[in-house]
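Remarks on the structure that follows.
Bear in mind that the values in this text are calculations on the coordinates, not laboratory data. Source: prediction; values computed, not measured. Every residue, glycine among them, receives a Cβ derived from its backbone with ideal geometry; neighbour counts consider all protein chains shown.
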Amino acid sequence: MSPDAAAFALFAVAPQALGGVRLRARAGPARDAWLAALRDALPPSMPWLRLPAQLGDDALHGGLDLAATLAAGRPVRHTGVLARARAGVLVAAMAERMTVALAARLCGALDDDDGDASAARGLALVMLDEGIGADEAPPAALLDRVGLHVRLEVHASVPAVDGQALARSRARWRDVQVDDPLVEALVGAAQALGVESSRACWHALCATRIVAALDGRAHATAEDAALAVQVVLAPRATRLPPSDDEQQAPEPPPSDARASAQEHDERDALDDTALAERLVDAARAVLPAQLLALLQAGSARRVQGEAGRSGAAAFSRQRGRPVGAQRGEPRGGARLALIDTLRCAAPWQRMRRAEMNVMPGRVIVQRDDLRVQRHVQRRGTTTIFAIDASGSQAMHRLGEAKGAVELLLADCYARRDRVAVIGFRGDAASLLLAPTRSLVRAKRQLAGLPGGGGTPLARGIDAARVLADSVARGGSTPLVVVLTDGRANINRRGEPGRAEAAADALAAARALAAGGVAALLIDTSAQPAPPAQALAAAMQARYLPLPHAGARAVSVAVRRERGSAGPGSGRA
């Protein structure tokens with residue numbers, strides 16, 4: 001049985017025990033056929049619901065039925081999607097775009113198993129992942145709770161399964177015995193593959209039992225565990241130990257010795273280390289050659305965070321995407337949330353009508369019932385370059401900064417981002433390019449910028465802080481990028497003196513950090529220098545030594561930093 005067919009059968013037997021399946025595939029006939037076959041393979045009585053794209057907490061968890069409550073004059077509640085999907089399957093489309101808030105609610109529903117994760121009382125999730133790049137993935141918390149990961153090709157066929165075998169396995173897979181050495185080997189294989197989640201080990205154990213039950217065995221074998229590793233652990237692998245004898249194919253045992261060898265594997269159990277290595281070899285057999293090379297080199301990395309975000313989220317009463325309501329009056333531009341207001345007033349109608357002697361049919365709304373709409377708006381990012389334009393390297397730094405600004409502005413319009421440039425040299429700092437999205441304006445303003453002179457580093461950082469405060473007040477998220485070697489020689493008063501200039505620079509850096517501004521310090525020294533490292537630590541900035549900082553390297557570093565969550569996201 002292939003790993004994809006095994007994943008299909010495992011989910012059909014015990015979807016709740018395995019948490020669910022992540023189906024990475026583009027929308028099309030192949031995916032529709034796979035889902036239809038999966039639905040047919042499940043028991044007819046098992047709920048199968050689709051999660052709407054736009055869903056509020058009331059629809060998700062259940063709440064007050066407004067129309068029924070107003071008609072009855074008493075609270076009447078309706079059942080939410082999660083309750084209706086209890087002991088069933090919930091299908092979530094476009095899971096790669098799922099919000100963190102919705103993912104947290106689904107995680108709570110998946111964890112609500114009454115302390116028995118193998119029971120069929122919980123929820124199983126089918127995540128339809130249409131992402132293309134490695135950075136397009138469902139939230140990590142949900143991926144951890146889903147045991148099966150399937151990548152469906154465009155022309156993939158639907159796996160063939162035996163319905164009677166599935167029904168028999170549902171009744172007996174929990175009774176399958178797994179020896180302790182085999183359990184330890186599963187855990188050892190997970191560690192060798194870099195799978196750190198304990199849930200993954202539990203899913204692999206459940207899958208081992210189900211595979212044995214599908215084959216009609218009451219005792220799990222090493223072959224059952226190997227298939228479970230291929231289905232559950234291999235898709236999550238982040239590393240792989242090198243094998244000295246990968247190129248040497250093992251000699252198959254003689255045909256008359258196969259039975260005794262299998263009996264030795266199953267009853268006496270191999271040495272724990274050897275058995276774990278055997279399971280790792282099973283995972284290695286199903287990994288693509290390119291991914292296998294990356295894992296063996298230790299260079300595979302999971303994408304974390306939310307790279308590519310245009311800025312932090314801000315709550316508003318007027319603009320942005322609606323995210324619920326809060327108590328308040330519709331003043332100062334706030335909009336009345338009519339449905340939420342009526343929902344708060346509905347349970348009290350019978351009492352209010354009796355007190356006020358009002359005829360039935362009228363809705364009495366009081367001040368405490370009023371609710372106003374809340375919105376969340378994604379703010380743009382303004383990247384502020386503070387460039388050391390002093391000394392002999394001034395032309396080099398300014399040239400690379402110009403190139404980086406042009407590269408960043410090329411994709412700023414769709415992201416609602418802006419770029420600004422501050423240069424400091426001699427005894428002053430000046431705004432060379434005001435925040436802009438215009439590439440034409442940037443090229444015109446940056447042409448022929450002057451360079452040379454002393455290094456008033458404190459004044460440069462102060463100017464960046466003042467501009468960042470102005471940007472934040474305007475509704476954008478500032479990111480300060482300082483290009484310098486950290487060797488200040490002009491103090492805040494514009495006078496020479498290295499000791500006082502260095503102290504002023506550190507004080508300015510600490511003031512920037514106190515303002516909560518995210519920062520990136522690019523060290524342009526020939527060698528990573530302690531002054532620049534100390535400066536990065538003071539401003540709680542990510543320190544990046546780039547002695548030969550090209551325009552593309554700078555732009556890539558800034559793009560990565562723009563997705564950070566705030567100040568101090570990476571310290572020196």
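Points to keep in mind about this one:
- Peptides 90-98, 489-497 ranked from most to least packed give 90-98, 489-497, packing being the mean of other C-beta atoms within 10 angstrom over each peptide's residues.
- Where labels lie 7 Å past Cα in the beta-carbon direction, separation of Glu130 and Arg174 in nm: 3.8 nm
- Shape call, segment 1-161: gyration tensor on alpha carbons, a/c limit 1.5: prolate
- You can think of it this way: the chain between Ala503 and Gln326 has 58.9 nm of extra reach, that is 0.36 nm per residue less the Cα-Cα gap.
- Sorted on the mean count of surrounding Cβ atoms within 10 Å across their residues, most packed first, peptides 14-20, 161-167, 473-479, 31-37 read 14-20, 473-479, 31-37, 161-167.
- Spacing of the modelled spin labels on Ala285 and Val466, each 7 Å from Cα toward Cβ, amounts to 7.0 nm.
- Spin-label pair Arg352/Met1, simplified geometry with 7 Å Cα→Cβ offset, distance in nm: 5.9 nm
- Shape category assigned to segment 458-545 from the gyration tensor of Cα positions, a/c cut at 1.5: oblate
- Pairwise FRET efficiency - Ala160 versus Leu431, Cβ, R0 = 60 Å, nearest 0.05: 0.30
- Candidates per GluC sites (Glu not before Pro) in segment 137-211, loop by DSSP, up to 11 other Cβ within 10 Å: Glu153
- Full-extension gain in nm, Asp112 to Arg74, via 0.36 nm per residue minus C-alpha separation: 10.7 nm
- If both residues of a DSSP beta bridge must be in segment 1-161, then about 15% of such bridges are antiparallel.
- Summed residue charge, Cβ within 15 Å of Arg151's Cβ, Lys/Arg positive, Asp/Glu negative: -1
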